[in-house]
Amino acid sequence: MPISADDLPRIEQEMQKIVEEKIPIERLELPAEQAKEKFTRLGQKYKVEMIDDLVKNEGVSSVSLYKQGDFIDLCRGPHLPDTGKVRAFRLLTTAGAYWRGDENNPMLTRIYGTAFFDEKQLTEHIERIEEAKKRDHRILGKQLGLFLISNAVGPGLPLWLPKGTIIRIELQNWLQEELFKQGYQFVFTPHIGKVDLYRTSGHYPYYEHGLFPAMEVEQGQAYLLKPMNCPHHIQIYLSAPRTYRNLPLRLAEFGTVYRLEQSGELSGLIRVRGFTQDDAHIFCTPEQLLEEVESCANLAKMVLETVGLNDYRVRIGLRDPDSSKYTGSTENWDLAEDNIRQVVRKLQLDYTEEPGEAAFYGPKIDFITKDCIGREWQLGTIQVDYNLPERFNLEYIGPDNAPHRPIMIHRAPLGSLDRFIGILIEHYAGAFPLWLAPVQVAVLPVSEKSAEYAQKVLKHLRDAKLRAEVDTSPDKIGAKIRRWTMEKVPYMFIIGRREVVNETVSVRKRKIGQVGTFQLTEVIELLKIERDSRGSKEAFADAAGG
RNA sequence: GCCAGCGUAGCUCAACGGUAGAGCACAGCUUUUGUAAAGCUGGGGUUGUGGGUUCGAAUCCCUCCGCUGGCUCCA
């Protein structure tokens, strides 16, 4: 009999009763054999399995049990001394979970709940969750008209609306500028490629379950939607002879890739089936590797800090020693893992090492952040790869006039533009800084009498490359302000008779309110500075309301 | 893919076996307005899809599609 969320109130009531009864909880330690017998008798096959595993894997001879009334449970503990010590709790949701996290095992029902020392803390916690949900990028994306996921096109395939597209373009321009400065070269490659290309790379058939099915075009000629850009970029590397003199070669592309994520995994912009990576592949010599990885890590850091995503963690993904899913030699892996460690240490990044989190061709540094309900997602990534150069037989001529094998770095500071913007929407709660805001200034004429001047103001703003719109609706000024407040525009220029006469605008800043009346040319200069500083300099930052 | 829940107008939601409704948005008219919602009128729905039960289904049952929260997966 499956448990659903509807059953939770009844379970809570029952729990409350047990709390009130103040049942003592008693710890006992039994030899594994006896405990096994007990649970076998109770028909608790999973507990029996646990005990067997504890004995086998951890060599324990006895296990701890907790007894509460006539209920007895296998648990490492510790437990409260009695059930009366439980204070404020609430059951939240139910979910299926595979036994021991293995999808080949049966699915059990898991009940999620939370507990606090008092009712007030519990209520506050629930309110915080509710508040956080209002930042959800799926809700804000709809409200603000940023993107759309249409079932007619397909699940997990976002369509970017004009306003969302502006955010993408701004991010791309910013990054492109930065990469040109750092010596990257941009390329453009097709969205499909022959299956054989991915056989060589090792993606196929290893990732076949995660690929859109191959398209057979001519007899024996099958193509795949590309799940990665690297094989394409490798072909560009191979298109000309390379020497140590023109390495590192840094090939960048905003490359759109397609991965057939499981249907239950899809989630707004954050987990999709088609997305655009701010991808690049760096081909370098062993001597150049550390410096290149370091500048990639610095770039990823800089990107996150610019948008104020300071609450991130760094993970080093290493291979799982017990798994055979990896390609390449042990020596190369050791080398690559060591390179990566050196860089994070040098940059003094706070990091954790996690075996089993590597890509199949190499270890990686991931930059991980959280969404509005606390789920962790990978944004930027840097991967050191000795293996694809081998699989594709990449070479360069060294100073000794002999061929050598380059090392590849796969890196994407934002990761996926789609996911990154999803996280950004939640981070800013839809209130984007001036440089990213789809509409930067709303020009609000008080009445039709100032409509003509409004058009003039609009022209000046647009000449300054500020994204502006005039609200020509017949509404009263209060209604217009409300509408654009809900649109979360950073600035409103309110213009009535007084402003028309003096060539001024009354400036209203998001979150602050009215900041005063200024010459049009003067405000535009201030806004240009704020926009070009990407948020580090803010006009009217210390202005009082009123 | 798996477990549970959900799917009603463009949006947010109501109706929960007896003729499908509200607010916002939209259109028209009146108002020409000074810093978070002017008034009136109007258009808009095969209740996600296909089937079933019933005199009668948005409502109950099944299929599929999609979404949500988890699990698994994540190059």
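Nothing in this text is a laboratory measurement; each read-out follows from the coordinates by a stated rule. From a predicted model like this one, the values you see are computed outputs, not experimental measurements. All Cβ positions, even for glycine, are placed from backbone atoms using ideal geometry, and neighbour counts span all protein chains on display.
For region A:76-167, which chymotrypsin sites (Phe, Trp or Tyr not before Pro) are both in a DSSP coil and crowded by at most 10 other Cβ atoms within 10 Å?
Details: sites: A:Phe89, A:Tyr98, A:Trp99, A:Tyr112, A:Phe116, A:Phe117, A:Phe147, A:Trp160; in loops: A:Phe117.
Qualifying residues, ordered by number: A:Phe117.
Please report A:Cys296, A:Cys372 as a ranked list, fewest other C-beta atoms within 10 angstrom at the top and most at the bottom. Before the final figure, lay out each step's value.
Numbers: A:Cys296 26, A:Cys372 22.
Ascending number of Cβ neighbours within 10 Å: A:Cys372, A:Cys296.
Counting only other residues whose beta carbon sits under 9 Å from that of A:Pro389, what net charge do I get with K and R as +1, D and E as -1? Numbers along the way, then the final one.
On the way: positive: A:Arg391, A:Arg405; negative: A:Asp385, A:Glu390, A:Glu395.
With Lys, Arg at +1 and Asp, Glu at -1, the net is -1.
Mind listing the long-range amide H neighbours of A:Gly516? Cut-off is under 5 Å, sequence gap 5 or more, other chains count too, H placed in the peptide plane at 1.01 Å from N.
Distant-sequence amide H within range of A:Gly516: A:Val507.
Among A:Lys142, A:Lys45, what is the fewest-to-most ranking by other Cβ atoms within 10 Å? List each step's numbers first, then the result.
On the way: A:Lys142 14, A:Lys45 10.
Sorted ascending by nearby Cβ count, the order is A:Lys45, A:Lys142.
Going by average Cβ density within 10 Å per residue, which order do the peptides A:247-255, A:182-190, A:310-318, A:410-418 take, highest to lowest?
On the way: A:247-255: 21.2, A:182-190: 13.3, A:310-318: 17.1, A:410-418: 25.3.
With the highest mean Cβ count within 10 Å placed first, the list reads A:410-418, A:247-255, A:310-318, A:182-190.
Just order A:261-268, A:362-369, A:508-515 by mean Cβ neighbour count inside 10 Å, highest at the front, would you?
Per-residue mean Cβ counts within 10 Å order the peptides as A:362-369, A:508-515, A:261-268.
Please express the Cα-Cα pair-distance distribution P(r) of region A:119-207 as a list of whole percents, one per 5 Å bin, running from 0 to the bin with the greatest distance.
3, 10, 9, 11, 12, 14, 16, 11, 6, 4, 3, 1, 0
Once every DSSP H run of n ≥ 4 in chain A is given -39500 (n - 2.57) and the sum is divided by its residues, what mean residue ellipticity at 222 nm do you get, rounded to the nearest 500 deg cm²/dmol? Kindly include the intermediate steps, with their values, before the conclusion.
Working: 16 runs with 193 residues, N = 546.
Counting only the DSSP helices, I get -11000 deg cm²/dmol.
Can you check what the net charge comes to around A:Asp334, using other residues whose Cβ is under 11 Å from the Cβ of A:Asp334 (Lys, Arg +1; Asp, Glu -1)? Could the numbers behind the result be given before it?
Working: positive: A:Arg319, A:Arg341; negative: A:Glu331, A:Glu337, A:Asp338.
It works out to a net charge of -1.
So who's got an amide H within less than 5 Å of the one on A:Trp377, skipping anything under 5 residues away but keeping other chains? H placed 1.01 Å off N, in plane.
A:Thr369, A:Lys370, A:Asp371
Can you tell me what the convex hull of the Cα atoms of region A:22-142 projects to on average, as an area in nm²? Please report the intermediate quantities before stating the final value.
Working: hull surface 42.5 nm².
Mean orientational projected area (region A:22-142, Cα hull): 10.6 nm².
May I ask for log10 I(q)/I(0) of region A:76-155 at q = 0.14, 0.23, 0.24 Å⁻¹, from a Debye sum over the Cα atoms as equal point scatterers with solvent left out?
Normalising to I(0) and taking log10 leaves -0.84, -1.05, -1.06.
In a shell of Cβ-Cβ distance under 15 Å around A:Ser447, excluding A:Ser447 itself, what net charge do Lys and Arg (+1) and Asp and Glu (-1) give?
0
Sequence-distant or interchain residues sharing an amide H contact under 5 Å with A:Ile149, placed H: which?
Correct list: A:Leu159.
Nearest 5 percent is fine: what portion of the DSSP beta bridges confined to chain A is antiparallel?
Working: 76 of 92 bridges.
Taking every DSSP beta bridge with both residues in chain A, the antiparallel ones total about 85 percent.
If you take the C-alpha gyration tensor of region A:399-513, multiply each eigenvalue by 5 and take the square root, what semi-axes do you get, largest first, in whole Å? Write down the numbers at each step before the final one.
Values: eigenvalues 407, 61, 19 Å².
Listed largest to smallest, the semi-axes of region A:399-513 are 45, 18, 10 Å.
Just the Cα atoms of region A:423-488, one point each, no solvent: what log10 I(q)/I(0) does Debye give at q = 0.11, 0.17, 0.24 Å⁻¹?
-0.29, -0.64, -1.03
I need the shape label for region A:187-324. Rule: rounded when a/c is under 1.5, else prolate if a/b > b/c, else oblate, with a, b, c from the alpha carbon gyration tensor.
Numbers: a/c = 1.74, a/b = 1.17, b/c = 1.49.
Cα axes put region A:187-324 in the oblate bin.
Show me the three semi-axes of the equivalent ellipsoid for chain A, from the C-alpha gyration tensor (sqrt of 5 times each eigenvalue), largest first, rounded to whole Å. Each step should come with its number before you reach the end.
Working: eigenvalues 452, 315, 90 Å².
So the three semi-axes of chain A are 48, 40, 21 Å.
Could you tell me how many cubic angstrom of Cα convex hull volume region A:316-358 has per residue?
Details: hull volume 2.4 nm³, N = 43.
Dividing the Cα hull volume of region A:316-358 by its residues yields 56 Å³.
With θ taken as phi - 60° and the coefficients 6.51, -1.76 and 1.60, list the Karplus ³J(HN,Hα) couplings across region A:242-258 in order, rounded to whole Hz; mark glycine and proline as x.
10, 10, 4, 5, 10, 9, x, 9, 10, 9, 10, 7, 7, x, 8, 10, 10
So what is the diffusion coefficient of region A:1-53 in µm² per second by Stokes-Einstein at 4 °C and 1.567 mPa s, using a Kirkwood Rh over Cα pairs?
Details: Rh = 13.9 Å.
Estimated diffusion coefficient is 93 µm²/s.
Using θ = phi - 60° and the Karplus relation 6.51 cos²θ - 1.76 cosθ + 1.60, list the HN-Hα couplings for region A:259-270 in order, rounded to whole Hz, with x at every Gly or Pro.
Karplus values, whole Hz, x for Gly and Pro: 9, 7, 5, 4, 4, x, 8, 5, 7, x, 8, 8.
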